[in-house]
Every structure is written in C-alpha cells, then in structure tokens.
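Take a look at the structure below.
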Amino acid sequence: MMIDYYSPTAEFYDLLGGQHWAHSDPALASVLADVDTGHGPVLDLGAGTGRATELIARTLPEARILAVEPSPGMRAALTSRAVRDEDLRERVTVVAARAQDVELPERLSAAVICGVLGYLDRAERADLWRRITERLPTGAPIVVELMAVSEPQTVAPVRIARQRLGDQEYEAWMSGKPCGVEQMRWSATWRVLRGGETVREVDVTHDWYTFGLDDLAAETGLTAKQVTPELGVLIG
Ligand SMILES: C[S@@+](CC[C@H](N)C(=O)[O-])C[C@H]1O[C@@H](n2cnc3c(N)ncnc32)[C@H](O)[C@@H]1O
C-alpha cells in the first residue's frame, strides 16, 4: 500500500520547485543528450508534475516517454502539462502506478528517477534494478537524483524555497530526523503568507530510505558517476 504524501501538497510543487530545477535541469539534460531513443521509451519514474518529463521531451525530440506517477494530485498536474502541449501529447504516456508494481514495456532507452528512490527499501530497489536493467541496452543511463543526506541524521528546519504568486508568498520548509537504520523521517511545511502573516499551512511527514551513489553502484553492479551533488548516473 502506498501513502500518498503528495496530493495534499501538489499545488505547491511547481510553485516552489523552480529554484532547485533551474540548478539541476541543465545537468539532467546533458546526461540524457546522447541517449539512443530507438530502443524503447524513456522511463520517468515518479514523474510528479512532469517537469523532468518535459525536459526529457525537449532534450530528446524523438523519444517516447513513459511517465509513471502514483499520486492522483501530482498526476493531475502531469496530465495537464502533457495534454496542453501538442508535442508532449503525442509522446508522453502517463501511467498510474508505483515503481514497485508498474508493468514496464519490453525495452527502455533510458530511465530517470528523480526524488523517488527513497520510497523503496533495499529489496524493492533490487527488484526495480533487475526490471530496469534487463530492459536497457548496454551503455544506456539510469539517472538518479541524489539527496543531500545519504545516511540518517538530524536536519534542523530550513527554508528550501520561497516564491511570490499574486498577492501571496509561498514558502517550503524541511526538517528531518533518523527513524531507523536506513530511514529518515522528513517533515515538510508548506506555508502561504499574505502581508507577512501565515494564512495557510500544510504539514506533511514522510519516511525515506537513505542511500548514496556508492550504495546504488553496489546494488546494481553498474558503473556510477556523480554528475553534480544532486545527480548521479548509472551505466551498464
Ligand atoms: C519529489 S517528487 C519528484 C517528482 C519528479 N520526479 C521531479 O523530479 O520533479 C516524488 C514523486 O514520487 C512519487 N512517488 C512516491 N512514491 C512512489 C513510488 N513508490 N513509486 C513511484 N513514484 C512514487 C510521488 O507521488 C511524487 O510525485
């Protein structure tokens, strides 16, 4: 069973993700630039509102894209993004499933896994790696977003983003603490302010299995390369 941490805060996702993506998107595009898209679709696992989906489409104009997203709230934004663009409408297939259960096509050209892997424990990740790697050709990348924290630790509350929309300011805050040998409990607060006063606040807590690029290299047996502090690539 999946707990949908994302629908209650889906409205904030594109609003407050922009600064992070402005930094990470060029690196993601450069890793994908040489992908041979003739082997099958590019998998965007846990596609969220579709920002990476769109980036994959812009970077690889011939690619078909399989965007897998279990959260109804996030999927609504993803579908909305895909359908309003004639090109995306042709090439993006949206599937409502979790990484653990999604039925994958016979072949894939590449995989992008941003902000998702920590929702899977080691055994689930092992199964996912097997299912993905047996579908990829030699040399195809699995791009993985790395989190700032690769082992459980305490993280004091920090504001990670701020954005104005109309008459209101929006803020995202995060804090974290260990909640198991390989797990963190993250608390996120999304705040809407008007004239400096908080008018609405949404709090979400979610558990995350920590991992580092070395863990992923060991789990997959693939060659791992750190592209930026936030992005790693696994190549077989
Ligand atoms: C931090 S967001 C990242 C969204 C997108 N990949 C991006 O980078 O903008 C994490 C996404 O993973 C999805 N998710 C959570 N658990 C998942 C699972 N078990 N399998 C696939 N996706 C999952 C959430 O619904 C959410 O949309």
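The values are calculated or read from the model by the stated rules, or taken from the named source; none is laboratory data. Computed from a predicted model, the values in this text were never measured in an experiment. Positions of Cβ are generated from backbone atoms using ideal geometry, with glycine treated the same way; all protein chains shown enter the neighbour counts. All accessible areas refer to the heavy atoms of the entire protein, side chains included, with ligands and DNA or RNA removed. Shrake-Rupley method; radii C 1.70, N 1.55, O 1.52, S 1.80 Å.
Over segment 130-236, what is the relative contact order in percent, taking alpha-carbon pairs closer than 8 angstrom and at least six residues apart?
29
Counting Lys and Arg as +1 and Asp and Glu as -1, what is the net charge of the other residues whose Cβ lies under 13 Å from the Cβ of R81?
On the way: positive: R51, R58, R75, R84, R89, R91; negative: D14, D44, E54, E69, D85, E86, D87.
Once all neighbours under 13 Å are counted, the net charge is -1.
Subtracting the Cα-Cα distance from 0.36 nm times the residue separation, let me have the gained length for V181 to T205 in nm, one decimal. Before the final figure, lay out each step's value.
Details: separation 24, 0.36 × 24 = 8.64 nm, distance 1.80 nm.
Gain in length upon complete extension: 6.8 nm.
Sequence gap at least 6, Cα distance under 8 Å: using those rules, report the relative contact order of the chain to the nearest whole percent.
RCO, the chain: 19 percent.
Taking the Cβ of Q226 as the center, what net charge do the other residues with Cβ under 14 Å away carry, scoring Lys and Arg +1 and Asp and Glu -1? List each step's numbers first, then the result.
Working: positive: K225; negative: E145, D214, D215, E230.
Charge balance in the 14 Å sphere: -3.
Which ³J(HN,Hα) values, rounded to whole Hz and listed in residue order, are derived for segment 46-54 from phi using the Karplus coefficients 6.51, -1.76 and 1.60 in 6.51 cos²θ - 1.76 cosθ + 1.60 with θ = phi - 60°, glycine and proline given as x?
x, 5, x, 8, x, 5, 6, 4, 5
By per-residue mean of other Cβ atoms within 10 Å, what is the highest-first order of 57-67, 78-88?
57-67, 78-88
Sum -39500 (n - 2.57) across every DSSP H segment of at least 4 residues in the chain, then divide by the residue count to get the 222 nm mean residue ellipticity, nearest 500.
On the way: 6 runs with 70 residues, N = 236.
Calculated from helices alone, the mean residue ellipticity at 222 nm is -9000 deg cm²/dmol.
At q = 0.12 Å⁻¹, what is the log10 ratio I(q)/I(0) for the chain, with the Debye formula run over Cα points and no solvent?
-0.67
Picking from V95, V202, V35, which is most flexible by a Gaussian network model of the chain using Cα springs under 10 Å?
Top of the fluctuation ranking is V202.
How much net charge surrounds R194 when only other residues with a Cβ under 10 Å from its Cβ are counted (Lys, Arg +1; Asp, Glu -1)?
Working: positive: R200; negative: D167, E169, E197.
In short, -2.
Hey, what did segment 37-94 get for relative contact order, percent, Cα under 8 Å, at least 6 apart? Mind dumping the intermediate values first?
Details: 89 pairs, mean separation 22.5, N = 58.
The normalised contact order for segment 37-94 reaches 39 percent.
On average, how much accessible surface per residue is there in the chain, in Å², for a 1.4 Å probe, leaving out ligands, DNA and RNA? Could you put the intermediate results ahead of the total?
Values: 11400 Å² over 236 residues.
It amounts to 48 Å² per residue over the chain.
Using just the C-alpha positions of segment 155-209 as equal point scatterers, what log10 of I(q)/I(0) does the Debye formula give at each q in 0.17, 0.18 1/Å?
Log10 of I(q)/I(0), two decimals: -0.57, -0.61.
Which FRET efficiency, nearest 0.05, do M174 and D87 yield, Cβ-Cβ r, R0 30 Å?
Details: r = 34 Å, r/R0 = 1.14.
Once the sixth-power term is evaluated, E becomes 0.30.
I235 versus D14, label points 7 Å from Cα toward the beta carbon: distance in nm?
Going by the 7 Å Cα→Cβ label model, 3.3 nm.
Could you look at the chain and say what percent of its accessible area is carbon and sulfur, using a 1.4 Å probe and all protein chains? The partial results should precede the final answer.
Numbers: 5680 of 11400 Å².
C and S atoms contribute 50 percent here.
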